[in-house]
Amino acid sequence: MESSPPGRRRSVLKLVFSIGLGAALLVLVFRGVELDRFVAAIRGVRASWLLAVVALSSAMHLIRCWRWGLIIGRVQPVPFREVVSISSVGLLALQVLPFRLGEVVRPYLLVERRGLRFGAALYTVVLERTTEIVGLAGAFTVAVLFADLPLDNLQLGDWDVSFVADGRRAIGLALTPFLLCLAAFLFLGDRIAGPVEAAAIRVHRGLGRALGGLLRSFAEGAATMRDGRFSLAILATTALAWTLNAGVFWATARAFGFDIEPLAGVVLLVVFMVGMLLPAPPLFAGVFEAFLIAGVALYGVERSDAAAYAVVSHVAQLGIVMAWALPFLWLDRLSFAAFRRFVDGLRTGEASVGEGAER
């Protein structure tokens, strides 16, 4: 079903706002950058290190696909090839769609292609995101305890931010609601779904039943975390994925000739991931560059060189994401137009979330 004219207008306004936000951030980020030095830094990039970036990024992507496959397998077995396809396309959608609307693409594809209940599909993504924030907290601890930090303050535009103090607050704010939600479903299970469903039915019968089905599916998925071996496997793959990701940032820095220790990759990763917790415009334009520039500035890298590092990192990441996603879009006959309609339907209440939850 097509969006109503007011719905289309809201979508256009949101898109214009997000693009404007990205443009404003880019202007702020590149203020004071010397163009000649910026271009020279990019021309001096060592291709051998960029090949290492591609290899590390691809290995990290496959490890994360494997981890998500382990989580999905506790709900319903899905072939690894299908997991890689859905993960790759979902990652591209996360880049393309504004305000993290791409997060719904993977649950949507699991419902449409594998027949999972929507609540169970949503649970797999929420659990994965929770482990990612746990990984961020672990990386932050490693960075604070073991990494050499010549400077503590990050420069984000006109703001000075403390890596240790403000980083701890940001991670705590992000981690707390995820852990509370997971703990509630882990220990209370269906006892949450019943009262919430009853209260929602008083407002809208159909919505209440759909919400109840969603919460029960989520509770069933959360119960899998009671398996110690499963939880250990998830944490181990998360640690490996974060190690590879830190290697990506360090290898990119080495491509520019920055003389920094390998643990600096952990610091750059933490700074970058804190930025990625924020609502962002399409392609994370501006946000991506701002936090990477701030990260390498901790090591005394000149602003123009830092900007070149951020741009090359962004282009490389987007290129790798597209290299993984586009073949699956073609082979599996997927369409971003269908994803967009589904996202619009979630906003307007026209998507079949309730049906998916009850499958």
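The values are calculated or read from the model by the stated rules, or taken from the named source; none is laboratory data. Since the model is a prediction, treat every value here as computed from it, not as a measurement. Here the Cβ is made from the backbone with ideal geometry for all residues, glycine too, and neighbour counts use every protein chain on show.
Can you pull out every residue in region 93-107 that is more than 15 Å from residue 332 (Cα to Cα) and not small (Gly, Ala, Ser)?
Passing the criteria: 94, 95, 96, 97, 98, 99, 100, 101, 103, 104, 107.
Kindly list, by first and then second residue, each pair from a residue in region 73-91 that is in contact (Cβ under 8 Å) with a residue 60 or more places away in the chain to a residue that is outside any helix (DSSP H, G or I), limited to pairs with Cβ atoms under 7 Å and residues at least 6 apart or on different chains.
Cβ pairs passing all conditions: 75/116; 85/332; 89/334.
Could you tell me whether residue 123 is modelled with pLDDT under 85 and either in a helix (DSSP H, G or I) or under 20 Å from residue 330 (Cβ atoms) (or both)? Give the derivation first.
Values: modelled with pLDDT under 85: yes; either in a helix (DSSP H, G or I) or under 20 Å from residue 330 (Cβ atoms) (or both): yes.
Answer is yes for this residue.
So in region 297-306, with the set limited to residues that are part of a helix (DSSP H, G or I) and either free of Cβ contacts under 8 Å to residues at least 12 places away in the same chain or among the aliphatic types (A, V, I, L, M) (or both), which one is farthest from residue 318 (Cα to Cα)? Give the steps one after another, and end with the answer.
Let us first name the residues in region 297-306 that are part of a helix (DSSP H, G or I), namely 297, 303-306.
Those still in the list that are either free of Cβ contacts under 8 Å to residues at least 12 places away in the same chain or among the aliphatic types (A, V, I, L, M) (or both) too: 297, 306.
Numbers: 297: 23, 306: 18 Å.
My answer is 297.
Residues being surrounded by 18 or more Cβ atoms within 10 Å (Cβ to Cβ) and under 16 Å from residue 76 (Cβ atoms): count how many of those fall in region 115-152.
12
Which condition does residue 294 not pass, out of (1) of a type outside the set (Ser, Thr, Tyr); (2) part of a helix (DSSP H, G or I); (3) more than 16 Å from residue 150 (Cα to Cα), if it passes all the others?
Result: residue 294 fails condition (3) only.
If you take the residues in region 40-75 that are among the β-branched types (Val, Ile, Thr) and not in a helix (DSSP H, G or I), which one is nearest to residue 125 (Cα to Cα)?
Within region 40-75, the subset among the β-branched types (Val, Ile, Thr) is 42, 45, 53-54, 63, 71-72, 75.
From what is left, the residues that are not in a helix (DSSP H, G or I) are 45, 75.
Details: 45: 36, 75: 12 Å.
Per the stated criteria, the residue is 75.
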